[in-house]
Each structure stands twice: as structure tokens, then as C-alpha cells.
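Just below is one structure, and these are the notes that go with it.
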Amino acid sequence: MPDLGEYNELLSKIWDAKWITNAGPMHHELEEALCHYLKVPYISLFTNGTLPLITALQALRISGEVITTPYSFVATTHSICWNGITPVFVDVDPLTGNIDPDKIEAAITPRTTAIMPVHVYGNPCDTKRIAEIANIYGLKVIYDAAHAFGVEVNGKSILEEGDISTLSFHATKVFNTVEGGAMVVHQAELKNRIDNLKNFGITDETHVVAPGINGKMDEIRSAYGLLNLKKVDSAIAIRKKVALMYREMLKDIPGIRMLDDIKGVKHNYGYFPIFIDERQYGMSRDALYLKMKENNILSRRYFYPLISTFTTYRRLRGAEESNLPVATRMANQVLCLPIHHLLSEHDVERIVDLILHER
């Protein structure tokens, strides 16, 4: 959270201006600051991280079927369904948790119009392979980059990939505006279309050009974001230290697998997932989760259950467990450990000590 004194100063400016929403000065300032920080040409702010996904599909006029991953937060798939589109699930890569490009092509049908991959835990997808497949079949690519704030590959923002990328600024994210989100696009005219769509499709006082939605970010949260943006680098640096401590302390525990940092990638350390092999570790993932909870250590089984197992989606093509063996295994083994910029070395030691001695 930003410094309360600094935040009150910005709130005073908002109160003096009496402009609290509808693309005010703080909103414009945050968009410009984020474009600079994230190294992207155009960004459109939203009131949460789900509306950019819904609006992206509208903006690109996607229909029919969209190939996506079951290993994500349910908003990814919900956004497809809210547009009257059919999600099609394919399996994931065991090393990253991201959609497996080798599985995409076989899922393409004449009704397929787009691919919606997720940069899981901020690990970049194989964007080159996905782009090659999309180009061959004439598909759009919308990246759910909710976890990928500030992530770069060889100095280039991962948000530059695909036709559109979307971000979440929810309170749990590395950079947050309490609730919030954004869409990254590459053309000024698409940015203008997005800005219209998130404002009911209104272009001026007498014209509505599309069936839009209300997705605007207000001045209050824009100010919050401006202050948090100043602190995000130091927060990420501390998160990295926490991640390195976890790696060192957990590396020799049988049955515990961690995801490695990827060479050439600037990570944001938003999550620290471990994967528990019950046979080797001697305790199930769920038993450890509950034991940690009893000791006031709040881990999360993220992502569990798989989206494809929910009643709403289990009858979709590709939702069968036999089609998703890797995603199923990861969902049944994953446990995200606490990681944030206020976590001390003593806290990490206490968490690891419990993992080490409770099995």
C-alpha cells in the first residue's frame, strides 16, 4: 500500500479538481507512466482485470471457438463465455504451467478464431511458437498477462507479444490499484476503440458506436497506482530475495519441485509455487496445506481445481482429464507459498521449517 500521507496529498488534488472519474488527469498520468515503465506503446486502464479480457475479445470481434488453458484463474475462461464463445482446453507445459504449443494445432477447427494463453506465475509463454501457429491459421492471440507485470524477455516486454495483452492490478498482484487492470495494444486506433468500448461505446454526447461496457478506472485508484508504481521495483527486489531463500532452503527436500527462473527473463516474483509429490514427500499437498493453515501460514492451491473440472465447463471439448494429464497433475500438486515485500528471513525460515519437519 502507498504511504498514507502521500496518498492524502493526491486525494486533496482530486478533491480540489472535483474530477473523480471519466478519464481525469490522474488516469491519464498513470496510463503514460505505465507505458513508460512497461515499455509498451499504448495502454488502456480498466476498473478490474477481468473486463480487459472480455473487452479484448469484443474489440477483435472474436467468435466461434477460442483455444485456452485450464490451468489459470477462472476469469480467463469466464471472459470467453461472456462473449458467447466456446472455450477449448489444451494441456500445459510441465516446466512452466503455460499452454503447450505442441497441443494447440490439434485443437484447431474451422470454428477457431483465437488463442488465449496465460503467462502463468509470470513465466513467459512460448510466444514465438504460438505466433507461428496463429499466422498459419489466421488466428488472433490475446495474452492473459495478469501475472506478468514488468516481465521482460531479453530486454523486451512480454506485453508486446500477441494482438493484445491484459493485466490485473488486483490487491494480490505485484503492482496493484486495489482493484484494477489494463489492456496493452500496439495501434493508436485500437486504443481509441478500446477506450470507447470501456465507456459504453460512447464517442461524444450524442453518439454511441458500439455496445460497450463500463470498465473505466477512477481517479481514486489511479492516484493509488501512481504512488505504488514508485515502489514496485524495490518490492520486486525484496520478493526476489525471498524467492532465492526459498530455493536454497527447499532444494534438497525429496518430493518438492520448484519452477526455475528462465534464462534471459526479467521475472517479477509474484508467486512462489512448489509442487508436492506425495509418494516422495510423505504427505499429500492438501495435508500440508491444512497443516500450514493451522500454524497461521496462509499458502494457496493456485490453480486448483482446474477450470475444466467446474460444472460449467466439464462437458466442453478438451475438458476430459485424459486430455489434460499435465495440467491435472500440476493442479493436484501445487502449493503457492507466501511471498511479498514484508516477508522477513525469519518468516521464510519458519515456513520452510514446517515443510521440512511435518512430512
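Report whether or not Ser234 is modelled with pLDDT of 95 or more and over 19 Å from Val151 (Cβ atoms).
No: the conditions fail for Ser234.
The helices (runs of 4 or more DSSP H) found entirely in the stretch 269-355 that carry 3 or more residues being surrounded by 15 or more Cβ atoms within 10 Å (Cβ to Cβ) are 285-294, 325-333. Each residue in the stretch 246-266 was checked for being open to solvent by 20 Å² or more (accessible area, probe 1.4 Å) and under 23 Å from Pro124 (Cβ atoms), and 10 of them qualify.
Restricting attention to the stretch 73-98, the residues being under 16 Å from the mean Cα position of the chain (by Cα) and either closer than 17 Å to Thr109 by Cβ or charged (D, E, K, R) (or both) number 1. Residues in the stretch 18-60 that are without any contact (Cβ under 8 Å) to a residue 12 or more places away in the chain and either aromatic (Phe, Trp, Tyr) or not in a loop (DSSP other than H, G, I, E, B) (or both) were compared, and the one that is most open to solvent (accessible area, probe 1.4 Å) is His36.
It is to be established whether one or more residues within the stretch 174-194 are among the hydroxyl-bearing types (Ser, Thr, Tyr), open to solvent by less than 10 Å² (accessible area, probe 1.4 Å) and over 30 Å from Ala17 (Cβ atoms). Checked the stretch 174-194: no residue is among the hydroxyl-bearing types (Ser, Thr, Tyr), open to solvent by less than 10 Å² (accessible area, probe 1.4 Å) and over 30 Å from Ala17 (Cβ atoms). The residue that is farthest from the chain's Cα centre (by Cα), counting only those in the stretch 191-242 that are among the small types (Gly, Ala, Ser) and part of a helix (DSSP H, G or I), is Ala223.
When restricted to residues that are open to solvent by less than 30 Å² (accessible area, probe 1.4 Å) and touching a helix residue (DSSP H, G or I) at 6+ places or on another chain (Cβ under 8 Å), the stretch 233-245 contains 1.
For the stretch 258-268, the set of residues classified as touching a residue at least 60 places away in the same chain (Cβ under 8 Å) and either basic (Lys, Arg) or assigned to a strand (DSSP E or B) (or both) consists of Val265, Lys266, listed by residue number. Whether a residue is under 13 Å from Leu337 (Cβ atoms) and charged (D, E, K, R) was assessed, and Arg247 passes this test.
The values are calculated or read from the model by the stated rules, or taken from the named source; none is laboratory data. The shown structure was predicted, so the numbers you read here are calculated from the model rather than taken from an experiment. Here Cβ is always computed from backbone atoms with ideal geometry, including for glycine, and neighbour counts include all displayed protein chains. Calculation scope for accessible area: heavy atoms of the full protein, side chains included, ligands and nucleic acids excluded. Shrake-Rupley method; radii C 1.70, N 1.55, O 1.52, S 1.80 Å.
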